[in-house]
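Chemist: The structure that follows is given in the form of structure tokens.
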Amino acid sequence: MTSVRVAVRVRPLNKREKQLSSKVIIHMKEKTTTIQKPTVRGDELKGVGKTFSYDFSYDSSDRRSPTFASQEKIFRDLGFEVLKAAFEGCNACVIAYGQTGSGKSYTMMGPSHDKGLIPRICEGLFWELSHRSKSDAVTFHTEVSYLEICNERVQDLLKKRASPADDGGLSVREHPRHGPYVENLSKHVVQSYSEVESLIILANANRTTASRGVNDFSRRSHAIFTIMFTQVWFDAEPLYETVSKIHLVDLAGSEKVDPTRTVGGRLKESADINKSLVTLGHVISALADLGVGVSTTKPIFIPYRDSVLTWLLKDSLGGNSKTTMIATVSPADVNYMETLNTLRFASRAKNIVNSPIVNDNGSMKVMRELQAEVTKLNQLLKEPTQVGREVPLSSVDVKEELNETKSLQAVALTKNRSSTWRETLNILQEETVTLRKEGSGVVLDCCLPHLIGVGEDLQKTGIALYYLKEGRTIIGSGKASCTQDIVLHGPGLLSVHCVLENIAGTVTLFPQDGALCLVNGSVVTDPCQLTQGAIIQLGKGATLWFNQPTASQLRLKYQSGLPSVFSPSVTDSSNSTENLSKAMVQNRGYKDAIKLTALVTDKSANLASQRS
Ligand SMILES: Nc1ncnc2c1ncn2[C@@H]1O[C@H](COP(=O)(O)OP(=O)(O)OP(=O)(O)O)[C@@H](O)[C@H]1O
């Protein structure tokens, strides 16, 4: 358990503040920051002021001052900790919070002549790597992504938009194990600081800006720069891997919206920025209450899901991360209220308690399993006969299996960091789906009712299996405001096309208004209970095969060792064949129906011969 570290930084007076002859109301001494209240007349400061204590108070208001806090000093205090966390295998996060024009972007990104935390952390990472990589025993892999949240929509800053009209909005989804993530966000493998620098230049040019009263060139979005850093040690037994995720966050200005100076789209934009900042405030307050053990009758609810920002930063706030907040403030009396609010906000954030862990668990388990598999197969190779095997394996088979296992291991170790491998294994580790080898094939087992994508295109490779969890599963084309559980593509699909409800294994299809849904070739407009082998057609293209492993089928499967997913009973398969022909003849044309029917008939015949 570790508390969120909080730093406050004050910037120099800007031109406008100087023109207004603003007084400096922020004073820092060691870890404390004091703010003095200006009088109404503005000619003198009132009282001794309010003092707050933080982990760091950085006075960057005057370069000539002996206590001046430079970008380098901030990197040494805050950036080093981030790098330390990365090399330890922990997640880390730095969030810059403050009023517009208070110095968030300066602190996080900085100008080219006085770089901020993001470039310095990346530079530091590659400097360290160039020293560590001399050893063959360990390899490193670094990927970066960069997104902005504007009007509650997520944009990829590292991807060119197809056209100006393309708003490029990406969906936020939740992985059962890894939590919220942005679907289709581009990730870029980087091998040097200069590669990161080029990406940063591209991304910064893409960031949303707008003219504003107090600050002519103001960021109107939240930006999250993420580094995914993986290390693999080859000299450990089993091989050891850590993965750390580092979020570096530059928030939009935290000031309240002035409706008299904000119009139209900008007003909506401000409302959305406020929505995520207000939610951030609620999340921080709730977490701070949890941290200090406030006693309430009701359990404390953390409203992460109320905004995209807080949802994506869920781990960083109260979760698995070493998090630092840097609150930036103006020194001028004209900004008194906003500065006071920022200082209070930062003070609250100090009470958040996080639980960072070394992220090695999943991969370690996988590696151990693969290692065990290799040992077992090596053993089999040495034995003259394979006792206990129903079908004797030839040494060629064992060698093949061994090679296969080893190549799996190689895939894991050489780190194809697109994370597909890790994702796949994690998905397979979910209770509902298992993968095993059966003869010359690979069998995917799923105990829940599920849909198999039959697909439009017979040339397409890969099979999609969608399991239907207990409760509602929303199917749609992926452009809805809600999160669909299954996203399909094809003509005639509505953003929310239908809902499948699974109650204790009985699955009912609820077509949405105006959605073309066919079950076994007949159009359905009312709720329709699905039976084993039903062929469902959604819109004019997407075709799915419904499979419902019943208790008796599962028992049979485990007794016989045969798979359930692609081996429904022979009768079930013939049902599907019949249903499919019916559906296709009616809705797609005779030729396709014949091709698909032949496909399913082949499957049934194979299964029948396997079983006999
Ligand atoms: N520590 C600093 N030293 C020198 N100049 C600074 C410092 N911090 C901020 N500035 C200057 O103040 C101005 C506003 O800073 P910056 O753009 O970083 O603010 P911001 O909080 O990111 O604003 P926004 O919310 O609009 O993005 C810039 O001109 C910047 O150069």
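The values are calculated or read from the model by the stated rules, or taken from the named source; none is laboratory data. If you're wondering where the values come from, they're calculated on a predicted model, not measured in any experiment. Neighbour counts run over all protein chains shown; Cβ positions are idealised from the backbone, glycine included.
Chemist: Only one of LEU309, LEU343 is part of a helix (DSSP H, G or I), surrounded by 24 or more Cβ atoms within 10 Å (Cβ to Cβ) and within 16 Å of the ligand (Cβ to nearest atom); which? Give the derivation first.
Modeler: Details: LEU343 fails: surrounded by 24 or more Cβ atoms within 10 Å (Cβ to Cβ).
Residue meeting the stated conditions: LEU309.
Chemist: Something else now. If LEU251 satisfies every condition in (1) away from the ligand (no atom under 16 Å from the Cβ); (2) at pLDDT 85 or above but one, which is the exception?
Modeler: It fails just one condition, (1).
Chemist: Which of the residues that make up the stretch 54-70 are away from the ligand (no atom under 12 Å from the Cβ) and surrounded by fewer than 19 Cβ atoms within 10 Å (Cβ to Cβ)? Spell out the reasoning first.
Modeler: Here is the first cut: in the stretch 54-70, the residues away from the ligand (no atom under 12 Å from the Cβ) are 54-57, 64-67.
Those that are away from the ligand (no atom under 12 Å from the Cβ) and surrounded by fewer than 19 Cβ atoms within 10 Å (Cβ to Cβ): ASP55, ARG64, SER65, PRO66, THR67.
Chemist: Taking PHE75 as meeting all but one of (1) away from the ligand (no atom under 16 Å from the Cβ); (2) within 30 Å of VAL243 (Cβ to Cβ); (3) of a type in the set (Phe, Trp, Tyr), write down the number of the exception.
Modeler: (1)
Chemist: Please determine whether any residue of the stretch 119-126 is within 16 Å of the ligand (Cβ to nearest atom) and either at pLDDT below 95 or not small (Gly, Ala, Ser) (or both).
Modeler: To start, the set of residues in the stretch 119-126 that are within 16 Å of the ligand (Cβ to nearest atom) comprises 119-120.
Subset that is either at pLDDT below 95 or not small (Gly, Ala, Ser) (or both): 119-120.
Among the residues of the stretch 119-126, at least one is within 16 Å of the ligand (Cβ to nearest atom) and either at pLDDT below 95 or not small (Gly, Ala, Ser) (or both), which makes the answer yes.
Chemist: Looking at (1) part of a helix (DSSP H, G or I); (2) over 16 Å from ALA203 (Cβ atoms), which is the only condition PRO119 fails?
Modeler: Going through (1) part of a helix (DSSP H, G or I); (2) over 16 Å from ALA203 (Cβ atoms) one by one, PRO119 breaks only (2).
Chemist: Could you list all residues from the stretch 14-44 that are basic (Lys, Arg) and modelled with pLDDT under 90? Before the answer, list the steps.
Modeler: Within the stretch 14-44, the first condition is being basic (Lys, Arg), and the residues that meet it are 15-16, 18, 23, 29, 31, 37, 41.
Of everything in the stretch 14-44, those that are basic (Lys, Arg) and modelled with pLDDT under 90 turn out to be LYS37, ARG41.
Chemist: State whether the residues of the stretch 45-67 include one that is at pLDDT below 95, touching a Gly at 6+ places or on another chain (Cβ under 8 Å) and not β-branched (Val, Ile, Thr).
Modeler: no
Chemist: Need the failing condition index for ALA96 against (1) over 30 Å from VAL243 (Cα atoms); (2) in contact with an Asp or Glu (Cβ under 7 Å, 6 or more places away or on another chain), just the number.
Modeler: Evaluating ALA96 over (1) over 30 Å from VAL243 (Cα atoms); (2) in contact with an Asp or Glu (Cβ under 7 Å, 6 or more places away or on another chain) leaves (1) as the failure.
So that you can scan it fast, the table gives a plain yes or no per residue for (1) within 29 Å of the chain's Cα centre (by Cα); (2) in a loop (DSSP other than H, G, I, E, B); (3) farther than 20 Å from LYS469 by Cβ; (4) modelled with pLDDT of 90 or more:
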residue: PRO491; (1), (2), (3), (4): yes, yes, yes, no
residue: GLU501; (1), (2), (3), (4): yes, no, no, yes
residue: VAL507; (1), (2), (3), (4): no, no, no, yes
residue: ASP513; (1), (2), (3), (4): no, yes, yes, yes
residue: LEU518; (1), (2), (3), (4): no, no, yes, yes
residue: THR525; (1), (2), (3), (4): no, yes, yes, yes
residue: GLN537; (1), (2), (3), (4): no, no, yes, yes
residue: LYS540; (1), (2), (3), (4): no, yes, yes, no
residue: ARG555; (1), (2), (3), (4): no, no, yes, no
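Chemist: Has the stretch 79-98 got at least one residue that is within 16 Å of the ligand (Cβ to nearest atom), more than 22 Å from the chain's Cα centre (by Cα) and within 26 Å of LEU129 (Cα to Cα)?
Modeler: Yes, the stretch 79-98 contains a residue that is within 16 Å of the ligand (Cβ to nearest atom), more than 22 Å from the chain's Cα centre (by Cα) and within 26 Å of LEU129 (Cα to Cα).
Chemist: Can you confirm whether the stretch 91-111 contains a residue that is in the same structural domain as VAL308 (by TED's automatic domain parsing), at pLDDT 95 or above, farther than 29 Å from SER3 by Cβ and touching a helix residue (DSSP H, G or I) at 6+ places or on another chain (Cβ under 6 Å)?
Modeler: no
Chemist: Tally time: how many residues in the stretch 13-25 are surrounded by fewer than 17 Cβ atoms within 10 Å (Cβ to Cβ) and within 13 Å of the ligand (Cβ to nearest atom)? Walk me through it before giving the result.
Modeler: Step one: filter the stretch 13-25 for residues surrounded by fewer than 17 Cβ atoms within 10 Å (Cβ to Cβ), giving 15-16, 18-21.
Checking the rest, the ones that are also within 13 Å of the ligand (Cβ to nearest atom) come to 15-16, 18.
Final tally of qualifying residues: 3.
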